[in-house]
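Step one of this worksheet: look at the structure below.
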Amino acid sequence: MASSLFAEKSADSYRFADVILPLNLPQALTYGIPHQLQGVLKPGMRVEVSLGRNKQYAAIVERLHNVQPEAYEVKPLKNILDDAPVVNEVQLRFWKWISHYYLAAPGEVMQAALPAHMKLMGETRLEWIGEPDVLYEWSREAGIAAEALQRKKELTITELREAVGIRFFSQVINELIEQEAVAINDSLEPSYRPRKERVVSLAATYHQEEQLSQLFDELHRAPKQVELLMAFVELSLKNGFVKQADLLERSGASSAQVKALVEKGVFVVEEQNVDRLAYTATEPAKEIIFSPAQQLALAEIDKGLSEKEVVLLHGVTGSGKTLLYIHKIKQCIAAGKQAIFLLPEIGLTTALVRRLYAYFGEEMGVYHSRFSNNERVEIWEKVRKGQYKLVVGARSALWLPYSDVGLIIADEEHDGSYKQKDPAPRFHARDAAIYFASLFNARVILGSATPSVESLYNVQQQKYAYAALKERYLGVNLPQIEIVNAKSLEKMRQLGYKLLTPELQQAMIEALQHRKQVILFQNRRGYAPFQLCTTCGWVPQCKNCAVSLTYHKSTDKLHCHYCGLKSSVIHICPSCGSSGLQSKSFGTEKIEEEVQQMFPEARVARMDVDSMRNKQSMPQLLEKLEKQKIDILVGTQMVVKGLDFAHVALVGILSADSMLSYPDFRVNERAFQLMEQVSGRAGRSDGAGKVLIQAYNTTHPVLKWVQEHDVRAYYDHEIRGREYFGYPPFTRLVKVTFKHKDESKAVTPATEFAHMLRANEAITVQGPVPALIARVRNLYVQEVWIKCPRDLKTIEAAKESIRHAKQTLMAQRGNSALQIIIDVDPM
């Protein structure tokens with residue numbers, strides 16, 4: 001039966017297809033290609049397949065072949081959903097590499113890569129098939145459903161549930177089926193819908209100027225219609241087409257007045273598909289004039305890219321790296337190729353897009369997770385069709401269907417945000433971009449003022465080329481950095497202030513007097529990170545997580561930053577009954593409050609995750625900063641990343657000690673990068689910038705490196721420690737996390753897993769140990785860490801051992817609720 005169903009259509013036809021389903025399955029599944037679809041199907045097309053008991057999925061064809069699986073009977077594909085592949089061959093190779101390198105399931109990669117609206121939805125629909133002359137006896141709720149079905153002919157399950165309510169839903173379904181009044185349809189439905197707008201055009205009769213002039217004369221007794229017609233002519237000349245919404249707004253007319261002109265045969269109104277993505281240039285493109293330092297760096301970049309695939313551009317903050325990027329992108333597009341400009345954070349795209357649009361116009365697209373699903377589909381299509389020559393975006397921009405990439409730029413390459421945390425695939429966009437570029441024989445520029453240790457090591461090993469830009473644009477001075485002993489806060493506490501030293505307060509007064517802006521940095525959001533009972537030491541804890549609750553004054557609640565729990569503020573200690581609870585430490589909310597009290601006339605704003613939740617929050621805040629409608633900005637590490645405002649003269653880092661005491665081998669690297677980057681926001685236009693760093697441990701070597709902008713000293717110190725203790729870049733790390741609501745059921749499999757891996761003597765296995773936060777969302781968390789030597793053979797053997805051990809554990813009885821999460825190259 002199977003052999004006849006999938007018989008070859010011709011010598012060059014394939015009988016079987018490996019497809020990727022949007023599920024956490026360890027491999028692609030093989031389906032048979034029905035005789036009539038052979039020769040039509042291509043890799044990258046979407047197909048409809050069934051899995052299990054009549055569940056329908058839209059899968060992506062990975063490859064075609066003639067090898068029939070022997071272990072199971074092959075099911076046939078049900079249908080082809082596309083006329084042409086929606087995923088190209090290079091994308092499929094990239095997906096396969098991501099899946100293999102980061103130990104992710106192919107379906108997890110597919111879920112991350114495709115916009116949601118390109119994944120067809122299996123929505124069960126009920127179709128009315130009742131006889132018109134039969135008198136049915138319904139309950140009241142079933143009668144409502146039957147009436148709706150007779151009127152609309154079919155309803156989705158969701159629509160039916162909304163019509164009759166959850167309480168009667170099952171009863172109604174059973175009645176409809178028992179009476180044989182409905183048929184069930186499980187077909188896949190596309191969820192993408194193009195945006196439609198009502199567009200107004202002039203009837204063909206009036207296209208000539210003479211007829212149009214005559215029309216104005218005929219309408220002279222209807223002044224509102226004349227105004228409407230004049231507004232139409234104005235908008236038509238300006239935009240080339242006229243949306244009805246714009247016409248009504250411009251003329252002040254009503255829809256009824258437009259309808260009257262339609263009935264007179266003057267206007268024609270049609271619904272048309274319109275572009276959701278509209279950018280406008282808010283500043284003119286400036287001629288690119290390089291400083292001598294930039295010309296030298298450009299020559300080094302060109303030389304480096306002619307010799308190696310990757311060049312590291314090490315340019316100090318404010319050195320004009322973006323101008324070099326623009327020049328190289330222009331060269332890439334002129335050669336007929338596409339360019340990708342990667343940024344670590346969505347927020348960075350806001351300020352940069354306006355600048356780049358002035359140079360690249362409609363050839364530039366933007367892609368990141370804040371876009372709606374419909375917008376993402378439209379960007380996908382524009383990239384696939386070659387309309388976008390440059391795409392600016394965060395790590396997800398790598399998933400788009402490029403046809404011929406010539407250049408990838410990863411700005412702020414050191415930033416940890418390039419690493420995907422959850423969900424899988426947990427890939428690093430900087431590293432993935434280098435592999436992706438190799439598929440096109442393209443070149444990569446990694447840019448940063450504070451390069452990662454790994455990138456500097458690759459330069460040292462001559463794997464990457466190197467270009468330096470060691471002075472700010474047009475010779476502007478780097479900011480003056482002063483380390484302030486936080487013990488001087490004691491003087492301020494007597495005046496009721498706890499967070500700003502006298503030195504920082506005085507510097508803020510001077511900056512504001514000169515009508516300059518101030519940025520205050522504290523890498524902790526909320527008002528107070530925890531409350532403490534001064535009598536017995538009790539601290540409010542989250543009931544779901546092993547972490548203290550953070551007080552947020554904006555909601556007057558205690559928040560858990562891990563599970564989202566909110567609870568009322570506690571005034572009486574439940575442990576000892578004391579009322580002596582105090583807020584300890586401080587976050588951005590508390591700083592904002594104290595600064596407002598200290599400088600009541602100043603306009604103070606806050607930039608953190610809590611205040612930037614809306615899609616437009618970031619652009620609006622940045623616009624206010626640019627127009628000097630904000631005097632003092634308080635923020636977390638969001639303020640570190642790429643902000644370029646001419647009037648920022650002072651930066652205050654309020655708690656350097658908290659950045660220097662985190663238990664991680666990268667602590668010095670991250671602290672140096674954060675402080676150096678936030679310092680770089682000061683004095684970018686005139687060189688009169690100043691940075692004050694408050695710290696108790698003023699002799700810490702990182703503070704000296706930051707004060708002297710000494711990247712070389714930071715790298716030399718770090719690379720020696722990494723080599724001595726066997727950390728990256730001298731080894732490769734893999735973190736395997738075990739989660740379960742029962743602590744023993746997290747510990748036991750983690751222990752067994754570590755035991756299985758220790759059979760490989762070439763690798764080092766540490767753990768299992770409780771995670772730094774040992775319980776999150778009521779799940780206990782255990783970690784196993786694996787160190788691998790850098791040679792490829794050992795790494796591949798270790799990955800295979802990890803895959804096998806995971807599959808073995810997940811197949812064991814009682815482990816169905818166990819979560820095993822693999823993170824290759826964790827940050």
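The values are calculated or read from the model by the stated rules, or taken from the named source; none is laboratory data. Worth saying up front: this structure is predicted, and the values here are computed from it rather than measured. Heads up, the Cβs are rebuilt from the backbone with ideal geometry, glycines too, and the neighbour counts pull from every protein chain shown. Quick note on the areas: whole protein, heavy atoms, side chains included, nothing else; ligands and nucleic acids left out. Shrake-Rupley method; radii C 1.70, N 1.55, O 1.52, S 1.80 Å.
For region 454-473, the criterion of being open to solvent by less than 10 Å² (accessible area, probe 1.4 Å), charged (D, E, K, R) and at pLDDT below 85 is met by at least one residue. Taken over region 207-246, the criterion of being open to solvent by less than 40 Å² (accessible area, probe 1.4 Å) and more than 45 Å from the chain's Cα centre (by Cα) is satisfied by Leu212, Leu215, Leu219, Ala222, Gln225, Val226, Leu229. Checking each residue in region 132-149 for being more than 15 Å from Glu162 (Cα to Cα) and surrounded by 15 or more Cβ atoms within 10 Å (Cβ to Cβ) picks out only Trp138.
Looking at the structure I just gave you, is Arg395 of a type in the set (Lys, Arg) and farther than 21 Å from Pro451 by Cβ?
Details: of a type in the set (Lys, Arg): yes; farther than 21 Å from Pro451 by Cβ: no.
For Arg395, the condition - of a type in the set (Lys, Arg) and farther than 21 Å from Pro451 by Cβ - is not met.
If you go through region 306-319 and keep only what is of a type in the set (Gly, Ala, Ser) and open to solvent by 20 Å² or more (accessible area, probe 1.4 Å), you end up with just Ser306. In summary, Ser455 fulfils each of the numbered conditions (1) more than 24 Å from the chain's Cα centre (by Cα); (2) closer than 23 Å to Thr317 by Cβ with the single exception of condition (1).
Could you count how many residues in region 642-681 are assigned to a helix (DSSP H, G or I), of a type in the set (Val, Ile, Thr) and in contact (Cβ under 8 Å) with a residue 12 or more places away in the chain? Working first, answer last.
So the first thing to find is which residues in region 642-681 are assigned to a helix (DSSP H, G or I), and the list is 656-659, 667-679.
Imposing the further condition that a residue be of a type in the set (Val, Ile, Thr) reduces the set to 667, 678.
Okay, now just the ones that are also in contact (Cβ under 8 Å) with a residue 12 or more places away in the chain, so 678.
Residues in region 642-681 being assigned to a helix (DSSP H, G or I), of a type in the set (Val, Ile, Thr) and in contact (Cβ under 8 Å) with a residue 12 or more places away in the chain: 1 in total.
With respect to (1) exposed (fewer than 15 other Cβ atoms within 10 Å of the Cβ); (2) over 28 Å from Asp415 (Cβ atoms), the lone exception for Thr794 is condition (1). In region 682-693, the residues that are at positive phi reach residues that are at pLDDT 80 or above with C-beta atoms within less than 7 angstrom, at least six apart or across chains, in these pairs: Gly683/Pro479; Gly683/Ala649; Gly683/Gly689. For the criterion of being at pLDDT 75 or above, under 30 Å from Lys470 (Cβ atoms) and either out of contact with any Gly (no Cβ under 8 Å at 6 or more places or on another chain) or outside any helix (DSSP H, G or I) (or both), Gln211 fails. With the condition kept exactly as written, say whether any residue in region 62-78 is acidic (Asp, Glu) and surrounded by fewer than 16 Cβ atoms within 10 Å (Cβ to Cβ). Yes, region 62-78 has at least one match. The single residue among Leu581, Leu558, Leu532, Leu565 that is more than 30 Å from Ala646 (Cα to Cα) and touching a Leu at 6+ places or on another chain (Cβ under 6 Å) turns out to be Leu558.
Within region 556-566, at least one residue is of a type outside the set (Val, Ile, Thr), without any contact (Cβ under 8 Å) to a residue 60 or more places away in the chain and touching a Phe, Trp or Tyr at 6+ places or on another chain (Cβ under 7 Å). Within region 5-26, the set of residues being modelled with pLDDT under 90 and either within 29 Å of Glu108 (Cα to Cα) or crowded, with 20+ Cβ neighbours inside 10 Å (or both) comprises Phe6, Tyr14, Arg15, Pro22, Leu23, Asn24, Leu25, Pro26.
Looking at region 804-816 only, could you name the residues that are open to solvent by 60 Å² or more (accessible area, probe 1.4 Å) and either assigned to a strand (DSSP E or B) or closer than 16 Å to Leu25 by Cα (or both)? Reasoning before the result, please.
Step one: of region 804-816, the residues open to solvent by 60 Å² or more (accessible area, probe 1.4 Å) are 804, 807, 810-813, 816.
Matches in region 804-816: His804, Gln807, Met810, Ala811, Ser816.
Can you say whether Glu108 is under 29 Å from Ala811 (Cα atoms), part of a loop (DSSP other than H, G, I, E, B) and acidic (Asp, Glu), as far as the supplied structure shows? Answer is no for this residue. Restricting Gly683, Gly687 to those that are open to solvent by less than 10 Å² (accessible area, probe 1.4 Å), modelled with pLDDT under 90 and not acidic (Asp, Glu) reduces the list to Gly683. Pairs are defined by a Cβ separation below 8 Å, a sequence spacing of at least 6 or placement on different chains, a first member in region 107-121 that is within 16 Å of Glu375 (Cβ to Cβ) and open to solvent by 10 Å² or more (accessible area, probe 1.4 Å), and a second member that is at pLDDT below 85 and part of a helix (DSSP H, G or I); the pairs so defined are Ala116/Asn373; Ala116/Arg376; His117/Asn373; His117/Asn374; His117/Arg376; His117/Val377; Met118/Val377.
Helices (runs of 4 or more DSSP H) wholly in region 306-422 with at least 3 residues that are more than 30 Å from Val476 (Cβ to Cβ) and touching a residue at least 12 places away in the same chain (Cβ under 8 Å) - which ones? Please lay out each step first, then the result.
Values: elements: 321-334, 346-360, 373-384.
The helices (runs of 4 or more DSSP H) meeting that bar are 373-384.
What are the pairs, 6+ residues apart or on separate chains, where a residue within region 132-143 that is under 14 Å from Gln171 (Cα atoms) has its Cβ under 6 Å from a residue that is open to solvent by 40 Å² or more (accessible area, probe 1.4 Å)? Hits for this filter: Glu141/Phe168. Restricted to region 545-641, the set of strands (runs of 3 or more DSSP E) holding at least 1 residues that are on the phi > 0 side of the Ramachandran plot and either at pLDDT 85 or above or surrounded by fewer than 21 Cβ atoms within 10 Å (Cβ to Cβ) (or both) is empty.
Within region 690-725, the set of residues being farther than 30 Å from Gln460 by Cα, open to solvent by 10 Å² or more (accessible area, probe 1.4 Å) and either under 32 Å from the mean Cα position of the chain (by Cα) or polar (S, T, N, Q) (or both) comprises Asn697, Thr698.
Please specify each residue of region 726-761 satisfying the condition of being open to solvent by 80 Å² or more (accessible area, probe 1.4 Å) and not basic (Lys, Arg). Write out each step before concluding.
First pass over region 726-761, keeping only residues open to solvent by 80 Å² or more (accessible area, probe 1.4 Å): 741, 743, 745, 748, 755, 758-759, 761.
Within region 726-761, Glu743, Thr748, His755, Ala759, Glu761 qualify.
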